[in-house]
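The values are calculated or read from the model by the stated rules, or taken from the named source; none is laboratory data. Given the structure is predicted, the values throughout are model-derived calculations rather than measurements. Every residue, glycine as well, gets a Cβ built from its backbone with ideal geometry; the counts of neighbours run over all protein chains shown.
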Amino acid sequence: MQILFELDFVQSVFCKEKINDNSEDMNLVLHRLRRIQKIMELLNQQVTVLDTMTPLDFLEFRNLLTPASGFQSVQFRLIEATLGLEMQKRYQHDYYKRANQGGFNTDDLTRINKAENGNTLTRLINQWLERMPFFETEYWTGYQKQAEHPGNHPFWTDYREIYRSGLTEREIGKIDDFDFVFFEKQEGLSPEQVTEKLSVLRNTLSAKAMRAALFIMLYRDFPVFQNSFQILDALVEIDNALAGWRHGHFRMVRRMIGMRVGTGNTSGSGYLEGAAGSHYIFKDIAGLSTYLIERRKLPALPPELIRGLSFHGS
């Protein structure tokens with residue numbers, strides 16, 4: 001319940017029409033996200049206590065658990081849904097809407113559906129990033145561009161060229177991924193290829209939001225971006241902690257029951273392994289590391305923008 005309480009506060013801040021990235025609210029958002037991370041780390045430590053049990057010990061009472069299942073954890077499903085794990089992106093998602101043995105009751109499903117269809121944290125983060133104003137023309141009148149590319153913002157034209165020139169021969173195809181992720185370039189791709197790239201390269205955030213997130217990561221040393229960067233980092237760490245819990249659960253189940261069917265009528269460890277590998281929520285943000293360049297090669301920002309990034313200092 002504590003995680004859901006903290007998420008409710010975070011959502012309330014990001015739901016505001018105007019968000020001051022340097023306000024007390026955003027400091028509290030970061031504080032609440034870090035608390036969620038610590039709670040998840042504590043849960044992961046508790047799973048290791050069960051490792052002290054042997055498979056024979058577990059079989060002594062396993063049948064008493066039937067038909068109980070992890071699927072009946074309404075709180076965990078609400079946490080996932082509130083963060084933004086979408087139903088169609090879940091592993092074997094047909095399992096999740098059951099109201100029979102090992103599933104949810106009608107009231108539980110109503111609550112989960114409401115969370116999935118509401119302002120999930122992923123949607124709110126996307127809106128927040130899209131509102132970043134730092135690519136507006138007024139900030140770039142003094143920018144000394146190095147390359148030409150009609151239709152692209154001068155910063156991204158230069159950055160793309162710096163990134164491309166730093167790729168090895170084996171990595172050269174990453175420039176196509178760059179164009180797809182940040183500029184939605186789809187020429188020559190079939191609908192199936194576009195769908196595949198969206199599932200792997202840009203799963204939940206828009207191209208505009210991804211540009212803003214990468215810019216924050218690149219120039220995080222500027223005062224105005226310090227909180228924003230820490231918030232993005234906290235989201236990735238929460239995702240990693242959730243993944244750690246799923247992997248711990250999978251490892252424990254495989255050790256205890258091998259390949260037997262789970263008490264909730266799933267395929268047991270087979271299902272858990274698939275879910276552990278696919279239920280990442282903020283992998284778009286984590287994947288930004290693919291498109292970084294060396295700090296010394298970063299384009300020099302124009303004076304107008306630097307003043308904005310320094311709390312309008314001189």
*Could you run through segment 2-28 and say how many residues are in contact with an Asp or Glu (Cβ under 9 Å, 6 or more places away or on another chain) and part of a loop (DSSP other than H, G, I, E, B)?*
2
*Hey, any hits in segment 193-207 for a residue that's in a loop (DSSP other than H, G, I, E, B), out of contact with any helix residue (DSSP H, G or I) (no Cβ under 7 Å at 6 or more places or on another chain), free of Cβ contacts under 8 Å to residues at least 40 places away in the same chain and farther than 20 Å from residue 84 by Cα?*
no
*Output the qualifying pairs, or none if there are none: Cβ atoms under 6 angstrom, residues six or more apart or on different chains, first residue in segment 34-47 and within 16 Å of residue 233 (Cα to Cα), second residue β-branched (Val, Ile, Thr) and assigned to a helix (DSSP H, G or I).*
36/3; 36/238; 37/238
*May I ask you to list pairs of residues, at least six apart or on different chains, whose Cβ atoms are under 6 Å apart, with the first in segment 291-312 being over 24 Å from residue 22 (Cα atoms) and the second being of a type in the set (D, E, K, R)?*
299/158
*Return a yes/no flag: does segment 137-151 have any residue that is closer than 23 Å to residue 287 by Cα and among the aromatic types (Phe, Trp, Tyr).*
no
*Pairs, please: C-beta under 8 Å, at least 6 apart or cross-chain, first residue within 17 Å of residue 121 (Cα to Cα) and among the acidic types (Asp, Glu) and in segment 73-94, second at pLDDT 90 or above and not in a loop (DSSP other than H, G, I, E, B)?*
80/242
*Pairs only if they're at least six apart or on different chains, beta carbon under 9 angstrom, first in segment 133-148 and among the basic types (Lys, Arg), second modelled with pLDDT of 85 or more and in a loop (DSSP other than H, G, I, E, B); list them, first residue then second.*
145/299
*asked:* crowded, with 20+ Cβ neighbours inside 10 Å, part of a helix (DSSP H, G or I), aliphatic (A, V, I, L, M) and modelled with pLDDT of 80 or more: is that true of residue 224 in this structure?
replied: no
*asked:* Looking only at segment 83-117, how many residues end up being assigned to a loop (DSSP other than H, G, I, E, B) and modelled with pLDDT of 80 or more?
replied: 3
*asked:* I want to confirm something. Restricting to segment 10-24 and keeping residues that are modelled with pLDDT of 90 or more and surrounded by 16 or more Cβ atoms within 10 Å (Cβ to Cβ), which single residue is farthest from residue 121 (Cα to Cα)?
replied: 13
_Against the condition assigned to a loop (DSSP other than H, G, I, E, B) and closer than 30 Å to residue 303 by Cβ, how does residue 144 come out, does it pass?_
yes
_Single residue of 155, 182, 134 found to be within 26 Å of residue 231 (Cβ to Cβ), surrounded by 11 or more Cβ atoms within 10 Å (Cβ to Cβ), of a type in the set (A, V, I, L, M, F, W, C) and at pLDDT below 90_ = 134
*Scan 164, 211 and give me the residue that is in a helix (DSSP H, G or I), of a type outside the set (A, V, I, L, M, F, W, C), closer than 24 Å to residue 302 by Cα and touching a residue at least 60 places away in the same chain (Cβ under 8 Å).*
211
*Taking into account only those residues within segment 25-49 that are of a type in the set (Val, Ile, Thr) and closer than 23 Å to residue 115 by Cα, which is surrounded by the fewest Cβ atoms within 10 Å (Cβ to Cβ)?*
39
